[in-house]
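Below is one structure, written out as structure tokens; the observations come after it.
No lab work stands behind these numbers, since they all come straight from the coordinates. Just so we're clear, the structure is a prediction, and the values are computed from it rather than from any experiment. Don't worry about glycine lacking a Cβ; one is built from the backbone with ideal geometry, like all the others, and counts go over all protein chains shown.
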Amino acid sequence: MGRILTLKWKSSVGYGYAGPVVANGRVVVSDYQLESGKITNNAGSRDRLTGKERILCLDAKSGDSLWTHAYDRNYALSYPGG
């Protein structure tokens, strides 16, 4: 029987188009903060989205925010966020 892992911490993030990276005691994850538009899953058209893309750096032990970088980013996507 395998070892049962316990949850140490969790953090809310927005829509994602990439997975997190864990290195040197830090967790780096990117997300998208939607400001306007509607996200759907429609291969026949593209959703026009406006918002901010962010890169978040968290302490791997505590989940505390170490820094955040955000910038405006518009998207035209035919698939939903993860």
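Annotations for the structure displayed:
- Restricting the chain to trypsin sites (Lys or Arg not before Pro) that sit in a DSSP loop and have at most 13 other Cβ atoms within 10 Å of their own Cβ leaves ARG3, LYS8, LYS10, LYS38, ARG46, LYS61.
- In order along segment 59-70, phi translates into HN-Hα couplings of 6, 5, 7, 10, x, 5, 6, 9, 6, 9, 10, 10 Hz, rounded to whole numbers, per the Karplus curve 6.51 cos²θ - 1.76 cosθ + 1.60 with θ = phi - 60° and x for Gly and Pro.
- Relative contact order for the chain, counting Cα pairs under 8 Å that sit 6 or more residues apart, in percent: 29
- Taking amide H atoms as placed 1.01 Å from N in the peptide plane, the amide H of ARG26 lies under 5 Å from those of ALA60, each 5 or more residues away in sequence or on another chain.
- Read-out P(r) over Cα pairs in 10 Å bins from 0, in percent, derived from the coordinates shown; its label in (i) 21, 60, 19, 1; (ii) 17, 52, 29, 2; (iii) 16, 40, 26, 15, 3: (iii)
- Computed E for ASN24/ASP72 - FRET, C-beta separation, R0 25 angstrom, nearest 0.05: 0.30
- Per-residue extension of 0.36 nm, minus the Cα-Cα distance of TYR79 and LEU5, leaves a gain of 23.4 nm for this segment.
- FRET efficiency for the TYR17 to SER45 pair, using the beta carbon distance and R₀ = 22 Å, is estimated at 0.75.
- Electrostatic dipole magnitude of the chain [Cβ: Lys, Arg +1; Asp, Glu -1; Cα centre; debye, to 20]: 200
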